[in-house]
Amino acid sequence: MNTLSHLDVLEAEAIHIMREVVAEVENPVMMYSVGKDSAVMLHLALKAFAPGKLPFPLLHVDTGFKFREMIAFRDQMQKDYGFDLIVHQNQDGLDAGINPFDHGSDVHTNIMKTEGLKQALDAGGFDAAFGGARRDEEATRAKERVFSFRTKTHGWDPKNQRPELWSLYNAHKNIGESIRVFPMSNWTEFDVWQYIYEQNIPIVPLYLAAKRPVVERDGVLIMVDDDRLPLRDGEIPMQKMVRFRTLGCYPLTGAVESKAATLPEIIQETLVARVSERSGRMIDHDQAASMEKKKREGYF
Amino acid sequence: MSQDMTVGQKASQKAIAEVKAYIDAQRQKTLLRFITCGSVDDGKSTLIGRLLFESKLLFDDQLENLKNVSKKLGTQGDDIDFALLVDGLAAEREQGITIDVAYRFFNTEQRKFIVIDTPGHEQYTRNMATGASQADLAVLMVDARQGLTTQTKRHAYIVQALGVKHIVVAINKMDLVDYGQDRFDELVENFRTFSQKIDMEAFTAIPMSALKGDNVLEASGHMDWYTGPTLMQHLNTVSVADEVAEKPFRMPVQWVNRPDLDFRGFAGRVVSGSLKVGDKITSMPSGKTSKLARVYTVDGDLDEVLAGQSVTLCLEDEIDASRGDILCAGDANLPQQSDNFHVKILWMSEQKLRVGRTFRMKIGAHTVNASVTQTKHVIDVNTLQHISAETLELNEIGECIVRTERPICFEPYANNREMGGFILIDKITNATMAMGLIADAHSGADLDQRTQELTIDRAARADQKRQVPLTVWFTGLKRSGKTYIANALERKLFARGCHSFILDPGNVLPGMSEDLDFESSDQIENVRRVAHMSKLMNDAGLIVMTCFTSPLSFERRMARRIIGTENFLEIHMDTPIEISLAQDSQGYFEKARRGEIKNVAGIDMRFEPPKAADLTFSLRKHSPEDAADIILAKLTEMGVLGG
């Protein structure tokens with residue numbers, strides 16, 4: 001008898017979740033961050049609704065400091081797959097000249113990402129938004145439901161989560177509430193890589209090691225992606241073989257030194273990794289409960 | 001330079017070969033989801049922390065973070081407090097308890113594991129049940145010093161009722177009872193006695209110390225008397241073959257994929273069985289039959305679909321199946337249909353169950369109105385006694401009768417989880433109120449219904465009053481003029497010698513509905529009572545006017561059904577809210593706006609305007625007198641008012 005492998009099970013679960021959302025809510029949207037989890041989520045969605053078109057648009061909240069290669073990749077994907085793409089930038093933040101150098105990572109992320117996201121969701125009137133977050137990423141995500149409710153102001157109340165029985169999702173919401181849906185909740189980082197490899201899913205080349213100009217700051221390698229990164233005294237960009245385990249705003253995303261220039265090599269490195277993937281994200285470092293705090297405020 | 005390239009390429013090829021071999025090995029791995037449960041201090045989080053630690057799945061930064069937090073908040077002195085690894089939320093770290101279901105991941109050479117870590121406290125039983133509903137195996141933690149507690153028994157009862165296939169009883173903290181075999185045997189015997197009472201067929205007992213690592217991964221050096229598997233050995237080898245694969249094919253239709261006129265696919269997840277192209281299929285509840293024509297995927301068609309897969313199926317004939325219908329193999333052995341069920345319910349809301357209230361029931365991909373018509377008893381999980389009860393409170397498990405508005409397809413939960421498990425959703429707060437398991441269909445009436453005919457019937461009473469009784473149902477926001485117009489109408493009816501009565505919050509709330517909480521979904525219960533009262537008054541020959549917001553179309557449908565369509569006149573008060581606000585001398589809306597009053601239609605709750613009201617008025621356009629005259633003319637036209 002055929003038994004489904006663990007990836008078959010995870011794929012079927014994610015597709016089931018996506019279809020439930022489309023069947024039960026009025027106006028869904030898919031968060032598309034251009035990273036590897038988004039790539040897998042998009043791939044799953046294409047499978048779920050084929051041969052039809054995606055029954056929802058993709059939304060990219062552009063903070064203005066994304067790696068240039070991410071933007072190029074995003075536009076290429078849109079060309080290849082023909083999905084509806086909404087790109088949103090927080091105009092207020094742009095007008096105020098918000099950037100991570102003068103305002104710090106916290107303020108920059110809050111205004112350009114969290115506030116930008118809220119604006120985009122409100123503007124589109126979206127009542128459900130798919131996200132690629134996984135429970136293995138960090139402690140508060142491990143406790144989040146697949147259907148995670150947000151208040152009118154997009155806040156998360158961890159103590160007031162609905163019980164989620166079997167695979168019966170309750171998508172009924174109150175006025176002003178919206179839902180974040182995480183179809184890949186039960187995937188691990190390794191599952192994502194394995195799936196990308198098996199299904200031959202396109203990803204941004206930044207995940208693969210290459211010689212890139214970087215500076216070392218507070219023990220973290222930051223890529224000099226354009227000339228907006230102010231160099232500190234004595235800092236000279238060095239060419240190093242680096243890759244990224246996670247992608248965000250380039251000044252806030254640490255690279256790791258690596259020779260893994262192919263997907264198999266990355267998988268091999270992931271197997272022996274000694275540092276968790278989010279550690280490259282500076283926003284998680286501030287305090288142990290920082291992610292919970294951010295989520296309460298509406299950071300996805 | 002060229003030599004470097006060659007070395008690099010070689011390394012790369014070696015890596016590719018290794019990874020391919022590795023991924024092939026991964027392909028063989030199966031997935032096991034297990035839940036850990038037990039009382040609050042039995043050591044669940046410690047166990048999971050140790051499994052992650054010893055499986056070498058902690059990253060350096062996580063370990064570093066754990067060490068820092070252990071020093072600050074830990075209970076193990078300078079040692080690592082593994083529990084802190086899994087207690088994620090800030091509130092939990094401070095309180096030292098696990099308040100919500102957490103999902104953890106690790107893998108071994110044989111398997112991938114998802115650990116569902118659930119809270120111990122009794123007030124979080126619902127969270128525990130959530131975890132159990134997704135688990136293939138349950139690890140029940142028992143503190144060797146404490147023995148079986150109420151909570152152990154409650155959890156054993158729930159995992160058994162939910163049909164969790166494998167049960168491990170982990171007798172933990174053996175280091176604190178000198179690793180004594182006598183104590184272990186005594187506790188196993190106690191558990192065996194209890195397990196027999198709840199029809200648990202089998203369990204595996206393992207003596208353990210999660211803190212010290214005895215029998216977690218490695219066999220303990222302190223308990224030579226125990227020759228069974230360690231926990232990890234057991235998790236690695238227990239059978240995950242799922243019996244749903246062997247059951248008849250069932251697939252609830254989740255979504256109909258119809259991108260163009262040439263393609264019509266039924267999308268859903270197969271909940272049991274398998275089906276090959278060419279096999280006969282019956283769509284339930286319509287009973288229409290066809291054959292499986294193709295299984296569509298982006299990577300090309302498949303010949304067969306299996307339990308657990310999410311698929312898109314195309315049939316040979318144009319069958320009109322929609323979301324919630326169930327595609328079944330063949331034409332025999334089909335699911336039953338009923339609108340009346342024996343069920344087991346775990347109540348999950350702070351607000352207790354109200355018998356008769358309408359909920360949304362979600363079962364498979366189907367949502368239907370349903371109510372609990374009777375609670376037969378609550379089960380005391382400690383003594384397993386059945387205690388008669390009128391209601392269910394938070395975390396109570398009871399056996400009840402549930403009735404649905406329309407018949408639905410189902411199978412008993414014990415036969416097929418996905419075909420017999422349901423949730424109840426509150427119509428106003430949208431909260432998930434309960435989980436339920438269908439035992440079987442219930443036949444026969446729930447209540448002793450009147451069989452004896454009354455001598456003086458409704459027609460006779462109406463005749464005596466020279467009128468045709470009916471209910472004029474006013475719906476609209478607060479202060480939209482419902483009672484104004486009803487009063488004007490009643491004065492006119494009275495002048496004509498008609499017998500009538502007005503039901504409005506002023507005479508219903510202080511008496512008949514004084515037990516209801518109007519800031520909750522009790523509003524629906526109130527509408528139900530008013531509808532029944534109106535029907536009785538109609539039976540008595542009276543013309544009734546009701547003045548309640550009744551904001552949801554489903555509530556008005558319910559009222560119409562109870563009262564009878566032919567006796568029901570719906571009046572929609574469509575007064576603009578600015579005018580209502582101007583009428584609001586008591587500051588009702590202002591309070592609602594400040595959040596002091598909740599669930600006020602038009603403020604924090606939706607009002608669903610009737611699509612086909614018999615008459616619609618607005619205080620902007622109509623004076624109460626004019627409106628009353630129009631209604632009177634309508635009643636005359638309907639022949640309600642006698643000559």
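What follows is calculated from the coordinates using simple rules that are stated; it is not laboratory data. All of these numbers come straight from a predicted model, not from anything done at the bench. With ideal geometry, Cβ positions are generated from the backbone for all residues, glycine too; neighbour counts draw on all protein chains shown.
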Q: Go ahead and collect, in residue order, the members of segment B:600-643 whose backbone nitrogen is under 19 Å from a label point 7 Å along the Cα-Cβ direction of B:Ile456.
A: none
**Q.** Contact order normalised by residue count of segment B:515-643, Cα under 8 Å, 6+ apart, percent
**A.** 27
Q | 10 Å Cβ neighbours from other chains, averaged over peptide B:260-270 | A | 3
Q: Mind grabbing the base-10 log of I(q)/I(0) for segment A:1-114 at q = 0.11, 0.21 Å⁻¹? Debye formula, identical points on the C-alpha positions, no solvent, two decimal places.
A: -0.47, -1.15
Q) Which distance in Å, rounded to a whole number, links the C-alpha centroids of segment B:189-248 and segment B:396-435? A) 32
Q: Quick one: net charge around A:Val87, please, counting Lys, Arg +1 and Asp, Glu -1 for every other residue with C-beta under 15 Å from its C-beta.
A: +2
Q: Can you list which of the chymotrypsin sites (Phe, Trp or Tyr not before Pro) found in segment B:582-643 are DSSP loop residues with at most 15 other C-beta atoms within 10 Å?
A: none
Q) How large is the charge dipole for segment B:106-168, taken about the Cα centre, if only the Cβ atoms of Lys, Arg (+1) and Asp, Glu (-1) carry charge, to the nearest 20 debye? A) 120
Q. What is the list of residues in segment B:401-430 whose amide nitrogen lies under 16 Å from a point 7 angstrom out from the Cα of B:Ser338, following Cα to Cβ?
A. B:401-417, B:419-422
Q.
If you consider only alpha-carbon coordinates, what radius of gyration and Dmax does the protein assembly as shown have, in Å?
A. 31.3, 112
(Q) Among B:Asn172, B:Thr149, A:His103, whose Cα projects farthest towards the positive end of the dipole of the protein assembly as shown, with charges put on the beta-carbon of Lys, Arg (+1) and Asp, Glu (-1)? (A) A:His103
**Q.** Cα→Cβ-extended label distance, 7 Å offset, between B:Glu566 and B:Glu189, nm
**A.** 7.3
Q | Taking only Cα atoms of chain B, radius of gyration then Dmax in Å | A | 31.5, 112
(Q) What distance in nm lies between label points placed 7 Å from Cα along the C-beta direction at B:Lys67 and B:Ala293? (A) 6.5
Q: Among B:Leu619, B:Ile571, B:Tyr588, flag the residue with its Cα farthest along the positive direction of the charge dipole of segment B:569-629, charges on Cβ as +1 for Lys/Arg and -1 for Asp/Glu.
A: B:Tyr588
Q: About the Cα centre of the protein assembly as shown, how large is the charge dipole given +1 on each Lys and Arg Cβ and -1 on each Asp and Glu Cβ? Please answer in debye to the nearest 20.
A: 1620
Q | chain A: projected area of the alpha-carbon convex hull, averaged over directions, in nm² | A | 16.5
Q: Using DSSP to define loop residues, name the GluC sites (Glu not before Pro) in segment B:226-329 whose beta-carbon has at most 10 other beta-carbon atoms within 10 Å.
A: B:Glu318
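Before rounding to the nearest 500, sum -39500 (n - 2.57) across all DSSP H runs of length at least 4 in the protein assembly as shown and divide by the residue total; then give [θ] at 222 nm in deg cm²/dmol.
Details: 27 runs with 289 residues, N = 943.
Helix contribution divided over all residues of the protein assembly as shown: -9000 deg cm²/dmol.
What does the structure give for B:124-132 when I average, per residue, the other chain Cβ atoms found within 10 Å of the residue Cβ?
Across B:124-132, the average partner-chain Cβ count within 10 Å equals 2.
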Q | Leading residue at positive end of dipole, chain B (Cβ point charges), from B:Thr237, B:Cys328, B:Met533 | A | B:Met533
Q) Once you have the alpha carbon radius of gyration of segment B:484-612, what is it after dividing by 2.2 N^0.38 Å, with N set to its residue count? A) 1.10
Q) How many times 2.2 N^0.38 Å is the alpha carbon radius of gyration of segment A:12-78? A) 1.18
**Q.** DSSP-loop chymotrypsin sites (Phe, Trp or Tyr not before Pro) across segment B:222-282, with at most 14 other Cβ within 10 angstrom
**A.** B:Trp225
Q | Cα convex hull of segment B:117-262, projected area averaged across orientations, nm² | A | 12.4
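For chain B, with only Lys/Arg (+1) and Asp/Glu (-1) charged at the beta-carbon, what is the dipole magnitude about the Cα centre, in debye rounded to 20?
With Lys and Arg at +1 and Asp and Glu at -1, about 1700 debye.
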Q | In order through segment B:534-540: 3J(HN,Hα) via Karplus (6.51 cos²θ - 1.76 cosθ + 1.60), integer Hz, x for Gly, Pro | A | 4, 5, 4, 5, 4, 4, 7
Q.
Could you list B:Cys400, B:Cys547 so that the one with the fewest beta carbons within 10 Å of its beta carbon is first and the one with the most is last?
A. B:Cys400, B:Cys547
